[in-house]
Amino acid sequence: MAQLRVEKLYKIFGPNPQRAMKLANEGKSKEEILDKTGCTLAINDASFGVEKGETFVVMGLSGSGKSTVLRCLNRLWDPTSGDIYLEDVNVAKADSETLRSLRRKKMSMVFQHFGLLPHRTVVDNVAFGLEIQNEPPAKRKEKAYETIKLVGLEGYGDMMTGELSGGMQQRVGLARALCTDPEILLMDEAFSALDPLIRTNMQDELIDLQEKVQKTIIFITHDLDEALKLGDRIAIMKDGAIVQIGTPEEILTDPADDYVASFVQNVDRSKVITASTLMFDHPQRVVSPREGVKVAIRRMRKMGISSLCVTDGKKQFKGFVHIDDAVKLEKKNEDHTLEPIVQSEVSTTSPDTPVVDLLPLVMSSNMPIAVIDDSHRLLGIVMRSSVIAEITGEESGIPVPAQEGETGAAGEDRKSGDQTVEGSTND
């Protein structure tokens, strides 16, 4: 079950929210509702779930309702209708005491414009949440200094916040949110007030920090590149409604409608699409050492390819065998095991590697790329033609040089892994 669940959430600003919600349920547009009722439909029937440890990005243009969603999650604004469950607690219907406890211990917020206390030092700003919780001064200072170090501000604890740059001030805001050890971080356009270079650096640092702290993060942004970089999943909003939820790759490769497609049309896909999307797992392209050289040769000839992956009984990747080496070994009529001809010095990659980083691997070898997990288990293979076609565009008309066991981009279906091979292998 999701750590945070939002079900049928509405937020309507104006004199007659119930009438406006009725019109929304009848399918009236945001403009029609404003015209008929004088009400603004800020959130329209939004539902989603966020898993523990996930970075969930809500993005959209100005006025789409994304920041309103965030402010409803911790009840800075009361929803007009709907439910917000933090585990088994319905935040939308929580009493003031429960809500106060949730804000102090379960949720923290990082604001766009920092929201720091200018008359306090860095360490006192960071410790502010613990002060509200009535923690002893020595304990909160100790925790604050630990958190300052975590966000890369070691040595700045006794400075005033006004003496820091914008990026450093935002780190103070992040440290303050982390210092109370919340389960969920709410980040509202947290980096949009920063200069582009500092913003990029902060995005990188947030990714690194998330690997250490593993918090559940709900991040609001209007910047698609930022959403694609940070989000495990992305919810795209328009006129208060969520129009699509998906991983960055799902958003790019399968946009829900023309509105989403217009968002992603100019994105550099090579930095987002990963090996897991391009790879295919074809059982017939794999051989184990115990099957021997004759089986390997027969399998390659039957499939019209010139190399096979070699795995052991636990599917751990050992390397590739090439048809030429297999034929030479068979002619010796001595030892028909595959071990002597396994090429182990070959390119491997993780399923999360972006296409832009796969290109130098495929161009430096005539073998496919083996995609492996942390235990060195074979997940699939990526062909050179798939990588080049993704970068250049499949209909670019640019010839794709063939790799071992493939006939070029036109001969391979990347979704199924099937190939149309005419004649013999590419020897």
Hey, how many Å between the Cα centroid of the stretch 346-363 and the Cα centroid of the stretch 180-248? 26 Å
Taking the chain as a Gaussian network, where each spring joins two C-alpha atoms under 10 Å apart, which residue of Ser47, Ser67, Ser96 fluctuates the most? Ser96
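Please give the contour-minus-distance gain from Glu31 to Asp324: 0.36 nm per residue of separation, less the Cα-Cα distance, rounded to one decimal in nm. It would help to have the intermediate numbers written out before the result.
Details: separation 293, 0.36 × 293 = 105.48 nm, distance 6.89 nm.
Value of the extension gain: 98.6 nm.
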Within the chain, percent of DSSP bridges classed antiparallel, to nearest 5: 60 percent
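Could you please rank Met21, Met1, Met159, placing first whichever residue has the fewest other Cβ atoms within 10 Å of its Cβ?
Working: Met21 21, Met1 9, Met159 15.
Sorted ascending by nearby Cβ count, the order is Met1, Met159, Met21.
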With θ set to phi - 60°, apply the Karplus curve 6.51 cos²θ - 1.76 cosθ + 1.60 along the stretch 267-273 and write out the HN-Hα couplings as whole Hz, x wherever there is a Gly or Pro. 6, 6, 4, 5, 8, 10, 5
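Determine the sum of side-chain charges near Lys141: Lys and Arg each +1, Asp and Glu each -1, restricted to other residues whose C-beta is under 12 angstrom from that of Lys141. Kindly include the intermediate steps, with their values, before the conclusion.
Numbers: positive: Lys139, Arg140, Lys143; negative: Asp124, Glu131, Glu135, Glu142, Glu146, Asp158.
Surrounding charge for Lys141 is -3.
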Among Ser29, Ser365, Ser344, rank each residue by its count of other Cβ atoms within 10 Å, from fewest to most, as a rough exposure measure. Ser344, Ser29, Ser365
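Cβ under 11 Å from Tyr259's Cβ, Tyr259 left aside: what net charge do those residues give with Lys, Arg +1 and Asp, Glu -1? Don't skip to the answer; put the middle values down first.
Values: positive: Lys238; negative: Asp239, Asp257, Asp258.
Counting the neighbours of Tyr259, the net charge comes to -2.
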May I ask you to compute the full-extension gain from Ser344 to Ala94, defined as 0.36 nm times their residue separation minus their alpha-carbon distance, rounded to one decimal in nm? 84.1 nm
Phi-based couplings in Hz for the stretch 49-66 (Karplus 6.51, -1.76, 1.60; Gly and Pro marked x): x, 10, 7, 4, x, 8, 9, 10, 9, 10, 10, x, 6, 4, x, 7, x, 5
Can you find, among Val287, Leu34, Leu86, the residue farthest towards the positive end of the dipole of the chain? Put +1 on the C-beta of Lys and Arg, -1 on that of Asp and Glu. Leu86
Long-range HN-HN contacts of Gly319 with modeled amide H, under 5 Å: Val310
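In the structure displayed, which of Lys229/Lys315; Lys271/Lys314; Lys143/Lys215; Lys105/Lys229 lie more than 23 Å apart, Cα to Cα?
Details: Lys229/Lys315 32 Å; Lys271/Lys314 32 Å; Lys143/Lys215 17 Å; Lys105/Lys229 28 Å.
Over 23 Å apart, Cα to Cα: Lys229/Lys315; Lys271/Lys314; Lys105/Lys229.
Sort Leu197, Leu70, Leu252 by Cβ crowding within 10 Å, fewest neighbours at the top. Could you put the intermediate results ahead of the total?
Details: Leu197 9, Leu70 20, Leu252 23.
By the 10 Å Cβ count, ascending, the order reads Leu197, Leu70, Leu252.
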Okay, which of the stretch 252-277 sit inside 19 Å, backbone N to the point 7 Å along the Cα-Cβ direction of Ile207? 252-253, 267-277
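Within the set of other residues whose C-beta is less than 13 Å from the C-beta of Leu209, count the net charge using Lys and Arg as +1 and Asp and Glu as -1. Provide the component values of the computation, followed by the final result.
Numbers: positive: Lys149, Arg171, Lys212, Lys215; negative: Asp204, Glu205, Asp208, Glu211.
Within the 13 Å Cβ shell, the charges total 0.
Just so you know, all these numbers are worked out from the coordinates, no wet-lab data involved. Everything numeric in this text was worked out from a predicted model, so none of it was measured. FYI the Cβ positions are ideal-geometry reconstructions off the backbone, even for glycines, and counts take in every protein chain you see.
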